[in-house]
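The numbers here are math on the coordinates, done by the rules we state, and not lab data. Just so it is clear, the model here is predicted, and its values are computed rather than measured. Glycine gets a Cβ as well: all are built from the backbone with ideal geometry, and neighbour counts include every protein chain shown.
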Amino acid sequence: MADLTPPVVEPQADDTQVLAVSDLRVSFQTPHGIVNAVNGLSYTIRRGDAVGILGESGSGKSVGVGAVMGLLDSPPARIEGQVRYRDTDLMTASPAEARGIRGDRISIVFQDAAAALNPGLSIGYQISEMYRVHRPGTSRTDALNKAVSLLDQVKIPSARQRVHSYAHEFSGGMSQRVMIAMAIALEPDVLIADEPTTALDVTVQAQIMQLLDELRQTTGMALILITHDIGVVAETTERIMVMYAGRVVESGPTEDVVSRPSHPYTVGLMDSIPRARLKHSKLRTIEGSPPVLTAIPNGCAFHPRCSRRQAICSQDMPELQSVAPERMSACHFAAEVLGG
Ligand SMILES: Nc1ncnc2c1ncn2[C@@H]1O[C@H](COP(=O)(O)OP(=O)(O)OP(=O)(O)O)[C@@H](O)[C@H]1O
Ligand code: SF4
Ligand SMILES: [Mg+2]
């Protein structure tokens with residue numbers, strides 16, 4: 001049985017802190033056993049933060065934010081831990097209270113914007129009705145004007161005309177702008193973007209990332225960006241969390257983590273990507289496979305793939321702890337890794 005003792009990071013008393021995830025665990029009951037997708041995930045987000053989440057496919061990035069947003073069906077998901085928005089724990093809040101926060105104070109955009117839009121309703125109708133649901137009492141005219149100003153804000157040309165268009169009349173990049181408009185309509189404190197540009201071509205990707213960055217800076221909302229593109233993380237975020245087997249294994253200022261990782265897994269992800277080629281570099285494939293989540297290895301979950309492993313690594317699970325100012329690593333030999 002894997003040792004899954006969590007690194008409990010107590011939420012700090014800080015009035016700029018908007019989101020605190022503490023010891024989050026998500027498992028799924030499946031015919032093949034219990035899939036442990038998120039295993040003691042803890043982090044805090046402050047207003048204005050720009051945080052990237054990196055990790056191979058299956059590391060629990062989407063399930064982790066899905067639990068924050070209340071998007072996981074339970075069953076099959078079993079969710080434990082704390083997800084706190086300011087003073088409210090979303091896990092114990094009443095459904096009405098949680099609804100007033102999820103999709104309102106914390107919102108999310110996904111990869112496949114076109115699929116998320118209703119093909120039978122105009123863009124303006126979709127934005128303004130969503131707005132009226134969350135801000136009851138708003139007139140149809142005011143809500144439509146709000147939709148126009150949002151389309152302007154996400155730089156859709158001729159917003160006053162385009163507000164009457166349908167999803168099929170928009171390109172992939174423009175559809176993603178519409179989804180971003182909906183996500184920022186209620187002026188959230190936190191916007192989660194789960195691979196928002198994966199389906200788009202490189203030029204459009206850069207434009208969407210620039211838009212998200214500008215919106216963060218002008219509105220003061222926090223941005224949590226999930227992506228496989230290290231270049232995008234390096235350019236857009238100030239902090240990185242690296243996930244492995246449903247936990248954060250390394251976190252710290254983006255520039256520092258990218259240039260001087262303190263966890264062998266991060267070293268593996270960054271290795272062999274020359275700085276000049278960082279832009280648009282996808283995560284490197286590292287030797288071996290991520291663990292089967294029905295049977296996560298004892299000790300450090302990364303040990304079967306780690307060239308630095310010692311005897312202790314298969315016995316004791318390393319806690320996420322400080323290795324340098326603002327730097328956290330869950331490796332028994334973090335200081336040595338950081339030191340090179
Ligand atoms: N409903 C479900 N039932 C069973 N297992 C699930 C379910 N949803 C997710 N999982 C599993 O949880 C694990 C984590 O999935 P998640 O989608 O969070 O990965 P990810 O890090 O977002 O990967 P990617 O980079 O591919 O998007 C995966 O092994 C996935 O198969
Ligand atoms: S704890 Fe051991 S196995 Fe895990 S990353 Fe560090 S050196 Fe490698
Ligand atoms: Mg995902």
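In this structure, SER259 and GLU129 have a Cβ-Cβ separation that, at R0 = 51 Å, corresponds to a calculated FRET efficiency of about 0.65. In this calculation the C-beta distance from SER171 to GLU326 is compared with R0 = 45 Å, giving a FRET efficiency of 0.65.
Report the gain in length on full extension from GLN161 to GLU80: 0.36 nm times residue separation, minus Cα-Cα distance, nm rounded to one decimal. Show your work: numbers first, answer last.
Numbers: separation 81, 0.36 × 81 = 29.16 nm, distance 4.66 nm.
The span from GLN161 to GLU80 would gain 24.5 nm if fully extended.
If you take the beta carbon distance between SER307 and GLN210 as r and set R0 to 35 Å, what does 1/(1 + (r/R0)^6) give as a FRET efficiency, to the nearest 0.05?
Computed FRET efficiency for SER307 and GLN210: 0.40.
Here the 3J(HN,Hα) profile of the stretch 293-300, calculated from phi with Karplus coefficients 6.51, -1.76 and 1.60 at θ = phi - 60°, is 6, 8, 8, 5, x, 5, x, 6 Hz, Gly and Pro shown as x.
Restricting attention to the chain, close to 65% of DSSP beta bridges with both partner residues there are antiparallel. Over the chain, DSSP H runs of length four or greater, each weighted -39,500 (n - 2.57), average out per residue to a 222 nm ellipticity of -9000 deg cm²/dmol. Using only Cα atoms, tell me the angle between helix 202-219 and the longest principal axis of the chain; keep it within 0 to 90° and round to the nearest 10. Its long axis makes an angle of about 80 degrees. For the chain, the longest principal axis of the alpha carbon atoms and the long axis of helix 140-153 meet at an angle near 50°. Rounded to the nearest 20, the size of the Cβ-charge dipole of the chain about its Cα centre is 580 debye, with Lys and Arg at +1 and Asp and Glu at -1.
Suppose the chain between VAL292 and GLU336 were pulled fully straight at 0.36 nm per residue; how much longer would it get relative to their current alpha carbon spacing? Intermediate values should be presented prior to the final figure.
Details: separation 44, 0.36 × 44 = 15.84 nm, distance 2.83 nm.
Result for the pair: 13.0 nm of gain on full extension.
Axis of helix 123-134 versus longest Cα principal axis of the chain: the two differ by about 70°, to the nearest ten degrees. Placing pseudo-labels 7 Å out from each Cα toward the beta carbon at ASN145 and ARG47 gives an inter-label distance of 2.6 nm.
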